[in-house]
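Q: My questions all concern the structure below.
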Amino acid sequence: MEDTAVTFPLRIQEVSYQYEEEAQNAVDHVSMEIAKGSFVAVLGHNGSGKSTLAKLMNALFLPTEGKVLVCGMDTATEEEVWNVRRHAGMVFQNPDNQIVANMVREDVAFGLENLGVPQVDMPSRIEEALRCVQMTDFAQSAPHMLSGGQKQRVAIAGVLAMQPDVMIMDESTAMLDPSGRKEVLNSVRKLNREQQMTVVWITHFMEEAAVADRVIVLDKGKTAMDGTPQEVFARVDEIKALGLDVPPMAELSVKLRNAGLELPEGILNVSDMVKELKKVLCPSK
Ligand SMILES: Nc1ncnc2c1ncn2[C@@H]1O[C@H](COP(=O)(O)OP(=O)(O)OP(=O)(O)O)[C@@H](O)[C@H]1O
Ligand SMILES: [Mg+2]
């Protein structure tokens, strides 16, 4: 028998969240099932409810309506809160707010101590987590000496050491420079592919969403779109109407198709554009 709690480690069922004294729901009747091992990007204009949704995913907030299930556990069950947070780890935007210790390995150890992981198991967990984010060589370093991308990878290692089923990244690359952003995205995508780690990747960078398995667009607390990056980014006008950008190659391909060029749908990057243009313009080669 298929176990839904395993197949879908995160299930959001008709969930709403209303901040006190706010007239509108910040998250408004949202439902989604996140499949194990998937990499799901969440997009949306400022204030569309992304961070509120993220906080609902690991019991930082409890729904005012509906239900959130993490690996089958209802986040509203008081006794399960720590279990929920162990299974659904969250990485925030600013690495400086997440790093607490004066040495990288101690920082990764901190979360494990809080979880009550036996001392004998800690070194192997810490080493494995640092290896996953390519920070082994920095185990003895002082976090404040690291670059933004390296610090964020340490913060990720801290969450990874807890061996969560789902990793929730709320604009975790937003403070980084382009190379730091790429570093962090590549590390997390690798973990996702190699270890079947389920990832919810909240971002406002379209090129990051373009590499996801699935893209969910929020608007005013509701799900406005949900599909593969190819499906979502083909809807250029709707995306723009929601105040978002479209990856440049997606927009160009729609324009070229409208102009009569027989390009397939779903072109999101330069290399695919070059490949498809070659087929159309130089069919013999
Ligand atoms: N602490 C709060 N108290 C009252 N309202 C809030 C609070 N935090 C957020 N909101 C409101 O809830 C709605 C959703 O905010 P949220 O932070 O979830 O959006 P977001 O998509 O993460 O935005 P951003 O892109 O700016 O990070 C917004 O209208 C916001 O003003
Ligand atoms: Mg936010």
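The values are calculated or read from the model by the stated rules, or taken from the named source; none is laboratory data. This one's a predicted model, so the numbers in the text were calculated from it and none came from an experiment. Please note: Cβ atoms are built from the backbone with ideal geometry, for glycine as well, and neighbour counts cover all protein chains shown.
Q: If you go through the stretch 9-28 one residue at a time, how many are touching a residue at least 60 places away in the same chain (Cβ under 8 Å) and either exposed (fewer than 14 other Cβ atoms within 10 Å of the Cβ) or within 18 Å of the chain's Cα centre (by Cα) (or both)?
A: 4
Q: Moving to a separate point now. Going by the conditions given, is Thr173 farther than 20 Å from Asn114 by Cβ, in contact (Cβ under 8 Å) with a residue 60 or more places away in the chain and in contact with a Ser or Thr (Cβ under 8 Å, 6 or more places away or on another chain)?
A: Here the answer is no, as Thr173 does not meet what is asked.
Q: A follow-up question, please. Six or more apart or on different chains, Cβ under 8 Å: which pairs go from a residue in the stretch 37-52 that's among the charged types (D, E, K, R) to one that's assigned to a strand (DSSP E or B) and near ligand 2 (Cβ under 8 Å from one of its atoms)? Could you list them?
A: Lys50/Asp170; Lys50/Ile202
Q: Taking Gly227 as the residue in question, decide whether it is at pLDDT 95 or above and not aliphatic (A, V, I, L, M).
A: So Gly227 fits the description; yes.
Q: Being β-branched (Val, Ile, Thr) and not in a helix (DSSP H, G or I) is the filter; apply it to the stretch 108-139 and report the residue that is nearest to Gln98 (Cα to Cα).
A: Top of the filtered list is Val133.
This table checks each residue for (1) of a type in the set (A, V, I, L, M, F, W, C); (2) closer than 27 Å to Arg11 by Cβ; (3) touching a residue at least 24 places away in the same chain (Cβ under 8 Å); (4) surrounded by fewer than 22 Cβ atoms within 10 Å (Cβ to Cβ).
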residue: Met162; (1), (2), (3), (4): yes, yes, yes, yes
residue: Ser179; (1), (2), (3), (4): no, no, yes, yes
residue: His204; (1), (2), (3), (4): no, yes, yes, yes
residue: Ala212; (1), (2), (3), (4): yes, yes, yes, no
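Q: Condition check: at negative phi, touching a residue at least 24 places away in the same chain (Cβ under 8 Å), in a helix (DSSP H, G or I) and buried (at least 16 other Cβ atoms within 10 Å of the Cβ). Does Leu244 satisfy that?
A: On the way: at negative phi: yes; touching a residue at least 24 places away in the same chain (Cβ under 8 Å): yes; in a helix (DSSP H, G or I): no; buried (at least 16 other Cβ atoms within 10 Å of the Cβ): yes.
In short, no.
Q: Scan (1) within 24 Å of the chain's Cα centre (by Cα); (2) loosely packed, with under 13 Cβ neighbours inside 10 Å for the single condition Asp121 breaks and write down its number.
A: (1)
Per-residue answers, yes or no, for (1) under 28 Å from Phe205 (Cα atoms); (2) within 16 Å of ligand 1 (Cβ to nearest atom); (3) touching a strand residue (DSSP E or B) at 6+ places or on another chain (Cβ under 6 Å); (4) not basic (Lys, Arg):
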site: Lys50; (1), (2), (3), (4): yes, yes, yes, no
site: Met57; (1), (2), (3), (4): yes, yes, yes, yes
site: Lys67; (1), (2), (3), (4): no, no, yes, no
site: Trp82; (1), (2), (3), (4): no, no, no, yes
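Q: In addition: Is the stretch 181-196 home to any residue that is in contact (Cβ under 8 Å) with a residue 40 or more places away in the chain, in contact with a Pro (Cβ under 9 Å, 6 or more places away or on another chain) and more than 27 Å from Asn46 (Cα to Cα)?
A: Scanning the stretch 181-196 turns up no residue that is in contact (Cβ under 8 Å) with a residue 40 or more places away in the chain, in contact with a Pro (Cβ under 9 Å, 6 or more places away or on another chain) and more than 27 Å from Asn46 (Cα to Cα).
Q: Taking the condition part of a strand (DSSP E or B), over 28 Å from Ser147 (Cβ atoms), away from ligand 1 (no atom under 16 Å from the Cβ) and among the basic types (Lys, Arg), does Arg11 pass?
A: Yes.
Q: Which pairs do you get when a residue that is under 18 Å from Pro143 (Cβ atoms) and without any contact (Cβ under 8 Å) to a residue 40 or more places away in the chain, found in the stretch 107-128, comes within reach of a residue that is aromatic (Phe, Trp, Tyr) and in a helix (DSSP H, G or I), reach meaning Cβ atoms under 6 angstrom, with the pair 6+ apart or on two chains?
A: Between residues of the stretch 107-128 that are under 18 Å from Pro143 (Cβ atoms) and without any contact (Cβ under 8 Å) to a residue 40 or more places away in the chain and residues that are aromatic (Phe, Trp, Tyr) and in a helix (DSSP H, G or I), there is no close pair.
Q: Considering each residue of the stretch 247-285, count those that are over 30 Å from Asp219 (Cβ atoms), of a type in the set (D, E, K, R) and not in a loop (DSSP other than H, G, I, E, B), and give that number.
A: 4
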